[in-house]
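Derivation of every value follows stated rules applied to the coordinates shown; laboratory data play no part. Here the structure is a predicted model, which is why all the values come from computation and not from measurement. So basically every Cβ, Gly included, is an ideal-geometry build from the backbone, and we count neighbours across all protein chains shown.
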Amino acid sequence: MSPALTPIPPNKFRAILEKTGFRIERETEYNWTLFKIDSPRSVIVLPKKGELVSLTVMMGILDQIKMDIKTYFDLLRQVQN
């Protein structure tokens, strides 16, 4: 049984995306715009305000970039250490 996906802080979710090759292309007070040329979705806008990224946003991004749940949790462990 896989662990359940729970909201995480924006900086940790950004770090997960960066581990897959996304880079910050633009930053505003409220969002990061990340880019990866060879991704199924090459531009991701990630909110950076608030304590946690909502599950709706997280699941939408993971689905768009075709990241499976095992890869997500492997990367989450890496960014937490």
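Out of all the residues in region 62-72, is one or more polar (S, T, N, Q) and part of a loop (DSSP other than H, G, I, E, B)? Don't jump to the end; show me each part of the working.
Our first condition is that a residue be polar (S, T, N, Q); within region 62-72, this holds for 64, 71.
Cutting the leftovers down to part of a loop (DSSP other than H, G, I, E, B) gives us none.
No, region 62-72 contains no residue that is polar (S, T, N, Q) and part of a loop (DSSP other than H, G, I, E, B).
Scanning region 42-81 for residues that are exposed (fewer than 14 other Cβ atoms within 10 Å of the Cβ) and of a type in the set (Lys, Arg), we see that the one that is farthest from Leu17 (Cα to Cα) is Lys49.
How many of the residues making up region 28-79 are at positive phi and among the basic types (Lys, Arg)? Before you say what the answer is, go through the steps one by one.
The initial filter retains those residues of region 28-79 that are at positive phi, namely 50, 66.
Filter once more, so that each one left must be among the basic types (Lys, Arg): 66.
Selection size over region 28-79: 1.
Among the residues of region 1-57, those that are assigned to a loop (DSSP other than H, G, I, E, B) and of a type in the set (A, V, I, L, M) comprise Met1, Ala4, Leu5, Ile8, Ile37, Leu52, Val53. Does Lys19 satisfy the criteria of being surrounded by 14 or more Cβ atoms within 10 Å (Cβ to Cβ), closer than 22 Å to Ala4 by Cα and either free of Cβ contacts under 8 Å to residues at least 12 places away in the same chain or of a type in the set (D, E, K, R) (or both)? Criteria met by Lys19.
Every listed requirement among (1) among the aliphatic types (A, V, I, L, M); (2) touching a strand residue (DSSP E or B) at 6+ places or on another chain (Cβ under 7 Å); (3) in contact (Cβ under 8 Å) with a residue 12 or more places away in the chain is met by Ile69 save one, (2).
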